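Shown next, in structure tokens, is the structure this report addresses.
All of the numbers you see were taken from the coordinates with simple rules; none came from a lab. Owing to the predicted nature of the structure, the values given are computational and were not obtained by experimental measurement. Every residue, glycine as well, gets a Cβ built from its backbone with ideal geometry; the counts of neighbours run over all protein chains shown.
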């Protein structure tokens, strides 16, 4: 007996929709080559393809039916994004990082496509797309070599984030999907940029910052001073400052704890505290608050760090043109001090780098020359 119930004829197996039905005493069981993601648009596509097969089978049009069996459509960008989110969630990747990577992919896709990125087939991910995106960014920022270098950095960073959607750890999640050959998309458009080595800021600016920073509590800004202490005295990253909790403060050190919110390149560590800094940290704590930075919720703490504290530093003289980041500049000052006074290995451990190369390359400023080594005999 012929079945007409769509739900009965539409099946899911190994993450893919397929069609199973008996028509004119003949059994059909075929893949529809549409991945099952739970999205309505994927289900509608599967139903549409099943309807075409049913029509051809009822018309005894077996040659056309054979073509539908071999014609495999690639997964949509929307399907890829849904699978990527699922993989990222299982690996504990920070939601902000996931969002940034997806937005970067959409930004690259917009170089050649005006329609909604999620409706596009994944076959648009080509080497040509990468080159088109690269050329558009570079042509929009014509100018001196410094401007072009910043443009190249933007291209490299955006492509790295977009391509991370197809990182090795995501691949199990894509099993059952029909994807195009992504080799050119993942390899094209490599750009060489100049290493942006750390340059120690002007001594007058550093001196002014230290003087104004230590006066923050006296001027009624203990909230900003808590940020100052964590950024400069403890050399912490902005994300670590936001996450820092009161129980991180221990006797003689602050323990920057490793957690799911950090990438695998970041490590937990213990940063030594002198008695004065430890006492000041405890003095800025507010009763009943779990985090060192005051704020009822994460958004309030982000506003304090990324807007209010940044405004304070900009007013002192840390201009946005020369210094893109704010708290990170204080971290770099502290890292440079650790490096020049106690050595690269100490600086690496206190800054939380996995490699001393990173410390030497991007945080070290030799504002004083090391002593000459004795000559070997």
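Run the numbers for residue 346 and residue 90: contour at 0.36 nm per residue of separation, minus the present Cα-Cα distance, in nm.
88.7 nm
Using only the alpha-carbon atoms, how far is helix 40-58 inclined from the longest principal axis of the chain? Give it as 0 to 90 degrees, nearest 10.
20 degrees
Does anyone have the angle between helix 77-90 and the longest principal axis of the chain? Alpha-carbon axes, 0 to 90°, nearest 10?
In the chain, helix 77-90 runs at an angle near 50 degrees to the longest axis.
Angle, helix 203-214 long axis vs. longest principal axis of the chain, Cα atoms, 0 to 90°, nearest 10?
For helix 203-214, the angle is close to 90 degrees.
Please compute the modelled spin-label separation between residue 156 and residue 113, points set 7 Å along Cα→Cβ, answer in nm with one decimal.
According to this spin-label approximation, the distance is 2.8 nm.
Quick one: what Rg and Dmax do you get for segment 16-162 from the alpha carbons, in Å?
Rg then Dmax for segment 16-162, in Å: 20.9, 74.
How would you order 285-291, 321-327, 200-206 from highest to lowest mean count of nearby Cβ atoms within 10 Å?
My ranking of the peptides, most packed first, is 321-327, 200-206, 285-291.
At 0.692 mPa s and 37 °C, plugging the Kirkwood radius over alpha-carbon pairs of segment 6-70 into Stokes-Einstein gives what diffusion coefficient in µm²/s?
Values: Rh = 11.9 Å.
For these conditions, the coefficient is 275 µm²/s.
Do me a favour and compute the ellipsoid semi-axes for segment 203-362 from its Cα gyration tensor, root of five times each eigenvalue, largest one first, whole Å. Walk me through the numbers on the way to the answer.
On the way: eigenvalues 95, 79, 50 Å².
In descending order, the three semi-axes are 22, 20, 16 Å.
Ignoring everything except DSSP H segments at least 4 long, calculate the 222 nm mean residue ellipticity for the chain; use -39,500 (n - 2.57) per segment, divide by total residues, nearest 500.
Numbers: 17 runs with 179 residues, N = 377.
Theoretical 222 nm ellipticity from helices: -14000 deg cm²/dmol.
Could you grab the relative contact order for segment 6-70? Cα pairs under 8 Å, six or more apart, rounded to a whole percent. Walk me through the intermediate numbers first.
Numbers: 76 pairs, mean separation 16.0, N = 65.
Here the relative contact order equals 25 percent.
Under a point spin-label approximation (7 Å from Cα along Cα-to-Cβ), what is the residue 306-residue 279 distance to one decimal in nm?
Simple spin-label model gives 3.6 nm for this pair.
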